[in-house]
Amino acid sequence: MSIRGSQTAGVAEQPAPAGGPQSGIEAVGLRKSFGPLSVLRGVDLEVLPGERVLLVGPNGVGKTTLIKILATLLRPTAGHTRVAGFDSVLEADMVRRCVGLVSHQTFLYGELTVGENLAFYARMYGVEDGDRCRELLSLVGLSGRADKQTRTLSRGMQQRLALAFTGRRSCSWTSRTPASTSRA
């Protein structure tokens, strides 16, 4: 993983597993401005598949803006981004099929059970396989809570349920620290 640019956010990384180069995340000369305010100023970023990246920095340096651009929720002012080999602007629909994003707001329905929430979102994404839903609950450590109302879960458990919606996409991001999704 490499990052260059005028941003002040720190980055922690874990090396990618051994293997040949594959499509991951790439940003070249990325810029984003909101009116006269320049938030991203020439960010270059390369993340290989399997690498884990943590963007760290004070409020207002562009961490969330960078993630939103990579997830196609915002368009860059200038520069070029690719996710899983797809151009984030020209092939935004393909990028969205590869990306799972969990923000602070989980968009879960508190009155539904864990299983009902997962089934609802699974149908939205065209996943009708009940076995797959059970596998995802197990993957995030919530299989024993499928019948619990979502509003009774801790914040970390709700974040893990939201992570289950990302399934096994090429890139999954969260705007929270790993501690907020720990299995305490």
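Details
- Pairwise label distance in nanometres, residue 75 with residue 94, each label 7 Å out on the Cα-Cβ vector: 1.9 nm
- Structural size metrics of the range 105-157, computed from C-alpha coordinates, are Rg and Dmax of 10.4, 28 Å.
- In summary, the range 82-134 shows an alpha-carbon radius of gyration equal to 1.40 times the 2.2 N^0.38 Å reference for compact globular proteins.
- Förster-model FRET efficiency, 35 Å R0, residue 139 and residue 44, C-beta, rounded to 0.05: 0.60
- Overall dimensions of the range 43-126, expressed as equivalent-ellipsoid semi-axes from the Cα gyration tensor (√(5λ), whole Å, largest first), are 27, 17, 12.
- The distance between label points at residue 109 and residue 28 comes to 4.5 nm (points 7 Å beyond Cα on the Cα→Cβ vector).
Where a number appears in this text, it was derived from the coordinates with a stated rule and is not lab data. Small disclaimer: the values here were computed from a predicted structure and weren't measured. Every residue, glycine among them, receives a Cβ derived from its backbone with ideal geometry; neighbour counts consider all protein chains shown.
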